[in-house]
1. How big is Rg to Rh over the stretch 1-138, alpha-carbon atoms, Rh as the Kirkwood inverse-mean-distance radius?
2. Using Cα centres only, tell me the gap between the stretch 163-217 and the stretch 283-313 in whole Å.
3. Which trypsin sites (Lys or Arg not before Pro) in the stretch 280-329 pass both tests, a DSSP loop state and at most 15 other beta-carbon atoms within 10 Å?
4. Between beta-carbons, use under 14 Å as the cut-off and find the net charge around HIS391, counting Lys and Arg +1, Asp and Glu -1.
5. Given C-alpha coordinates of the stretch 143-260, what is the ratio Rg to Rh with the Kirkwood estimate of Rh?
6. In vacuum, with every alpha carbon of the stretch 283-441 counted as one equal point scatterer, what does the Debye formula give for log10 I(q)/I(0) at q = 0.14, 0.16, 0.21 Å⁻¹? Two decimals, please.
7. State the three equivalent ellipsoid semi-axes of the stretch 92-149, derived from the C-alpha gyration tensor as the square roots of 5 times its eigenvalues, in descending order and whole Å.
8. Run the helix sum for the chain: -39,500 (n - 2.57) per DSSP H stretch of 4+ residues, divided by residue count, reported at 222 nm to the nearest 500 deg cm²/dmol.
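Each value in this text was obtained by applying a stated rule to the coordinates, not by laboratory testing. All values reported here derive from a predicted model rather than from experimental measurement. Positions of Cβ are backbone-derived with ideal geometry, glycine not excepted, and every protein chain shown enters the neighbour counts.
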Amino acid sequence: MIRVKDLSLSFGSRILFEDVNLSFDKGNRYGLIGANGSGKSTFMKILVGEFEPSSGVVTVAPGIRVGVLQQDHYQFDEHKVIDTVLMGYPDLWTVIKERERLYALPEMTEEDGMRIGELESAFAEMDGYSAEYFAAELLEGLGISVEKHEDLMSSMIGGLKLRVLLAQVLFGRPDVLLLDEPTNHLDLHTIRWLENFLLGHKGTMVIISHDRHFLNTVCTHMVDVDYKQISLFTGNYDYFVAASTLAREQLQAENARNQEKIKELHEFVARFSANKSKAKQATSRQKQIEKIEIQEIRPSSRVSPYIKFTFKQPLGKQILSLNKVSKSYGDLHVLNNVTLEITNADKVAVIGANGIGKTTLMNVMTGSLEPDAGTVNWGQSVLSTYFTQDHNETIRKDTTVYEWLKSFDDEADQQTIRSILGRMLFSKEEVHKSTNVLSGGEAARLMIGKMLLLQGNVLLLDEPTNHLDLESIDALTKALAEFDGGVIFVTHARQLIADVANRIIELTPAGVIDFTGTYDEYLQKRDALVSVW
């Protein structure tokens, strides 16, 4: 389907990858993975000809249709939602517009009539008569309700626009699907729908994602951008982690054995090279040394932050009590008579569709938002810290990384602040970096650094995995799972929920589902819980 030959990419002296030779074959689903900044998105752009490599070629088999998830959220603002999806199959869209033009003519010539016949044939061949139904089905599967299908794209908020653009590329049913972070802005239910759709799609796929569960469910192969190389592994993400770790350990062990062998041979040569009776043996050993190869082990571009949450004071049994809490925005009732009791045994995942009120609930819990009715009471021993979803509102833009973190504890010494920032992957020079130019991943790690500094015994986190790479997500997941205090978090990352939560609170249009148990147990029983209402 797609062949990559002798591909290299560098920017000045910085080499992202070199001498890449890969084949993306029919029916396989490839997860394209690597650290932030390793070149994943650039490599995907090279595959579709949107970016020129430093050297090498990419060949797409003749007749192969390639579909790419569009990243320009404003490109289709003047079009209706349903039309934007239909445009995902350009040949069909051309036929649709031409049919509309000809049928709108007050009179048709004989030539127009013949053209209509040709168009109808092409329209039927491309399943045009079921096109709108399929487009609507995709939109509904991705959470875009029917009443919005005739709206202009300009009226859609960013997260919903992404869903429409995702429906667009899926609608085209291309031979090769290229998807860069398709689960961004999707809730758990919609991600599960997308997984099932992709598993039923027969085409080849190349997918960039930081969702470990998604990669494990969908992908048959991993394409890893690291060590200035791009390597192919058969199997899902978990298999890749095990296989790549084992391969690197074996290479290190082999090098260690060879280095020990070289040392022994050098000692023999040094001892007996001047001894006539042993001269031949010494010469033989010298030749052996020259034949032993120490393989290059390139440094990985992957680095993991070191996250270990501790608390200043012990936590009592009672964490949080909400009693008949309600919150509305005008006529929009977000929270309605919510009553919850959270204790120190709970690690709570708050889930639900986008816009259902999860962030509102977190803000009411923390006191940054006043409820319209009801009460919120924290346990006397609680010292909470809050990872907000909107980093732009939380991290001031007129300071540096070091000064922002220091502002939360004037008594913390320089070594403590620098140590936390180092653990969050800020180098010696980067501690003085302006907060105005932080990437999404840097801002998220800085927020975690604040939580490490404050040492709260209850951690509240709203979408903490947004912008983090897989290594950082794994480090955060492990830290939350091992934390002895309370945890309340909002997320669409199912691996995080599965590994950390022992209680699930789902906000739904009909009310709150409060379930004690793991996420897998919750999924098994959710339908029964909903039917009780």
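1. Taking Rg over the Kirkwood Rh, I get 1.11.
2. So the two Cα centres are separated by 36 Å.
3. The qualifying sites are LYS308, LYS312, LYS317.
4. With Lys, Arg at +1 and Asp, Glu at -1, the neighbours total -1.
5. With Rg and the Kirkwood Rh in hand, the quotient comes to 1.14.
6. Debye intensities relative to I(0), on a log10 scale: -0.97, -1.12, -1.34.
7. For the stretch 92-149, the semi-axes come out at 29, 13, 6 Å.
8. -12500 deg cm²/dmol
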